[in-house]
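> Can you read through this structure? Questions will come right after.
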Amino acid sequence: MYKNQIKYFLSCCLLGLSFGQVDYSEIQTIFNNNCGNCHLGSSSGGLNLSSYTNVMSGGNGGAVIIPYDHAASVIYDRITREESAMGDMPPTGSLSQSQIDLIAQWIDEGALEEPGSSTGCTDPEAYNCADDDIWSTYIVDVGGIMYDNSCNWDWNTSTGEAEYVGGCELGPCEGYYNPAAITDDGSCRYYQAPHGDEIIFEVESNGISIDWSAFTSPSNAVLVSYHIQRCTDGCIWVAGFGLGDSNADQSVFDEFDWGEELAY
């Protein structure tokens with residue numbers, strides 16, 4: 001077993017997206033013109049589409065909008081069903097493809113009430129709100145030290161558990177991929193680190209050889225340094241790979257007397 005940490009920074013700007021951000025007023029206009037019989041004056045299924053707050057509150061079955069993920073959003077599923085299919089919305093007629101695409105774009109940009117900043121991280125390989133949940137790799141335990149890079153979650157030191165604090169629904173956290181950004185501001189942060197078959201361990205009498213040359217960092221990131229801890233009863237930094245070091249080597253021989261379970 002091993003655990004590891006890796007740091008990156010983005011060294012260059014990425015090409016801007018070819019479209020502007022969606023203003024929620026455009027989405028509300030679509031609802032006003034197509035959903036009035038069931039979801040404006042009344043709230044069929046508990047869903048009221050008369051305002052942003054009501055839309056985001058969902059219906060009897062829960063949320064109908066999943067920010068940053070149009071494919072998982074109930075409302076997108078309903079407006080893209082065949083006109084004769086059960087649950088198709090609106091019940092008579094269909095939205096135009098341009099209206100459907102606009103709703104999808106709005107959701108993927110975070111389903112914000114007002115457009116966010118036009119600058120931010122434009123690399124989807126970086127930390128990403130679409131992946132930011134309680135089981136994500138964004139909160140990790142390295143040698144008993146919690147490294148929390150999540151947007152929606154924070155680590156409660158009193159309970160020793162992650163707890164929901166809110167974040168992504170208000171817009172991506174700093175360093176997170178921002179689908180609405182047109183210009184990259186160099187803020188992207190990355191979570192990827194060597195793991196699984198990317199690491200080869202070879203045990204020798206006086207230590208352990210570790211090789212992670214099979215690991216490739218994200219294409220738009222530049223490696224700053226690898227940092228490695230060896231954990232037995234406690235954890236110490238492997239020589240040359242501590243927090244104060246800058247080391248891009250992808251192998252190391254960790255020389256020490258061992259004879260017990262350990263983790264990297």
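> Touching a Phe, Trp or Tyr at 6+ places or on another chain (Cβ under 6 Å), over 25 Å from Tyr190 (Cα atoms) and aromatic (Phe, Trp, Tyr): does that describe Tyr127?
Spelling it out, it is not the case that Tyr127 is touching a Phe, Trp or Tyr at 6+ places or on another chain (Cβ under 6 Å), over 25 Å from Tyr190 (Cα atoms) and aromatic (Phe, Trp, Tyr).
> Name the one entry in Asp123, Asp154, Asp141 that is within 18 Å of the chain's Cα centre (by Cα), touching a residue at least 24 places away in the same chain (Cβ under 8 Å) and farther than 18 Å from Ala72 by Cα.
Asp123
> Within the range 38-96, track down each residue that is of a type in the set (A, V, I, L, M, F, W, C) and open to solvent by less than 50 Å² (accessible area, probe 1.4 Å).
Listed by number, the residues that qualify are Cys38, Leu40, Leu47, Leu49, Val55, Val64, Ile65, Ile75, Ile79, Ala85, Leu95.
> In the range 183-234, which strands (runs of 3 or more DSSP E) lie fully inside it and hold 3 or more residues that are of a type in the set (Ser, Thr, Tyr), free of Cβ contacts under 8 Å to residues at least 12 places away in the same chain and closer than 23 Å to Trp258 by Cα?
In the range 183-234, no matching strands (runs of 3 or more DSSP E) lie anywhere.
> If a residue must be assigned to a helix (DSSP H, G or I) and not polar (S, T, N, Q), how many such residues does the range 57-83 contain?
Residues flagged as assigned to a helix (DSSP H, G or I) and not polar (S, T, N, Q) within the range 57-83 amount to 9.
> Take the residues in the range 250-264 that are under 28 Å from the mean Cα position of the chain (by Cα) and closer than 21 Å to Thr216 by Cα, then tell me which one is most open to solvent (accessible area, probe 1.4 Å).
Among them, the one singled out is Gln250.
> From the list Val55, Val74, pick out the single residue that is at pLDDT 85 or above, touching a strand residue (DSSP E or B) at 6+ places or on another chain (Cβ under 9 Å) and under 24 Å from Cys129 (Cα atoms).
Only one candidate qualifies: Val74.
The values are calculated or read from the model by the stated rules, or taken from the named source; none is laboratory data. In this text, all values refer to a predicted model and were calculated from it rather than measured experimentally. Positions of Cβ are generated from backbone atoms using ideal geometry, with glycine treated the same way; all protein chains shown enter the neighbour counts. Side chains are part of the model used for accessible areas, which takes the heavy atoms of the whole protein and leaves out ligands, DNA and RNA. Shrake-Rupley method; radii C 1.70, N 1.55, O 1.52, S 1.80 Å.
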